[in-house]
Amino acid sequence: MAELAALDDPRAREVNERHGDDHGVNLGSLRTLAKRLRTQQDLARRLWATGDGAARLLALLICRPKAFGRDELDSMLREARTPKVHDWLVNHVVKKSPHAEELRLAWCADPDPVVASAGWALTTERVARRPEGLDLPGLLDVVEARMKAAPDRLQWAMNHCLAQIGIEHAEHRARAIDIGERLEVLRDYPTSPGCTSPFAPTWIAEMVRRRQAT
């Protein structure tokens, strides 16, 4: 914890706090520290228990994802209210867990929109990698009905799923693009030069173009 405190940069913290995060440690420095520590599940649990944002990010880098139980992961997600910790927990840990599918189904149906956004992130992973058994038309129905009014983080996760369906599944591409055009979610999102807009129709078109060009 002393090492993490020494790495804290007030300017980085100021920038991170504007995005909802509560730490000022450079992520590259965190990864360097994690590489030195290597996998240490007990230490990871102790770091998580501190509640400190940087400590929790480090915990997610040095933990053993398959060592967490289903209920433990559920509790951790509900404690992970900052965007970066939430994102790393889902992507670095839950996606590698044998409980991922059970949690995906439970979280998608959760009334807490932040928890539900994790369920949609796991669904997006399945759309891209293991779509067998998913009801893609049904997912599009839900997106069409609920995305426009969803809170920001849930809306972002649903939009990502919409785009992924359009990118990966040509038979659903026209409908995915149509939903995006009609709902106009993230149409005006500020995008840096050289980056792809998160507006689903633009995102789908660009990714399909790149794949066809290779």
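The values are calculated or read from the model by the stated rules, or taken from the named source; none is laboratory data. None of these values were measured; they are calculated from a predicted model. Ideal geometry is used to build each Cβ from the backbone, glycine not excepted, and the neighbour counts take in all protein chains shown. Please note that ligands, DNA and RNA were not included when accessible areas were found on the heavy atoms of the full protein model with its side chains. Shrake-Rupley method; radii C 1.70, N 1.55, O 1.52, S 1.80 Å.
Where helices (runs of 4 or more DSSP H) fall wholly inside the stretch 118-214, no range has 2 or more residues that are in contact (Cβ under 8 Å) with a residue 60 or more places away in the chain and among the basic types (Lys, Arg).
Would you please name the residue that is farthest from Pro113 (Cα to Cα), looking only at residues in the stretch 46-102 that are part of a helix (DSSP H, G or I) and of a type in the set (Val, Ile, Thr)? Walk me through it before giving the result.
Let us first name the residues in the stretch 46-102 that are part of a helix (DSSP H, G or I), namely 46-49, 53-62, 65-67, 70-79, 83-96, 100-102.
Going one step further and asking which of them are of a type in the set (Val, Ile, Thr), we end up with 62, 85, 90, 93-94.
Numbers: Ile62: 28, Val85: 16, Val90: 15, Val93: 20, Val94: 18 Å.
Result: Ile62.
With respect to being closer than 17 Å to Ala5 by Cβ, buried (at least 20 other Cβ atoms within 10 Å of the Cβ) and basic (Lys, Arg), Arg46 falls outside the description.
May I ask you to say which residue of Ala34, Ala2 is of a type in the set (Gly, Ala, Ser) and open to solvent by 40 Å² or more (accessible area, probe 1.4 Å)?
Ala2
The condition of being in a loop (DSSP other than H, G, I, E, B) and of a type outside the set (Asp, Glu) does not hold for Gly28. For Gly133, the stated conditions hold: it is more than 19 Å from the chain's Cα centre (by Cα) and modelled with pLDDT of 95 or more.
Residues of the stretch 142-176 that are of a type in the set (A, V, I, L, M) and surrounded by fewer than 19 Cβ atoms within 10 Å (Cβ to Cβ): Val142, Ala145, Ala149, Ala170, Ala174. Taking every residue in the stretch 91-104 that is open to solvent by less than 60 Å² (accessible area, probe 1.4 Å) and at pLDDT 95 or above and pairing it with any residue that is part of a helix (DSSP H, G or I) and hydroxyl-bearing (Ser, Thr, Tyr), at least 6 positions away or on another chain, the pairs with Cβ-Cβ distances below 9 Å are Arg104/Thr123. The residue that is least open to solvent (accessible area, probe 1.4 Å), counting only those in the stretch 177-196 that are under 19 Å from the mean Cα position of the chain (by Cα) and closer than 19 Å to Ala150 by Cβ, is Val185.
Among the residues of the stretch 5-25, write down those that are in a helix (DSSP H, G or I) and surrounded by 13 or more Cβ atoms within 10 Å (Cβ to Cβ). Working first, answer last.
At the first step, the residues of the stretch 5-25 found to be in a helix (DSSP H, G or I) are 5-7, 10-18.
Once the filter is applied, which keeps residues that are in a helix (DSSP H, G or I) and surrounded by 13 or more Cβ atoms within 10 Å (Cβ to Cβ), the stretch 5-25 yields Leu7, Ala12, Arg13, Asn16, Glu17.
When you scan the stretch 64-78, do you find a residue that is open to solvent by less than 20 Å² (accessible area, probe 1.4 Å) and of a type in the set (Gly, Ala, Ser), even just one? There is no residue in the stretch 64-78 that is open to solvent by less than 20 Å² (accessible area, probe 1.4 Å) and of a type in the set (Gly, Ala, Ser).
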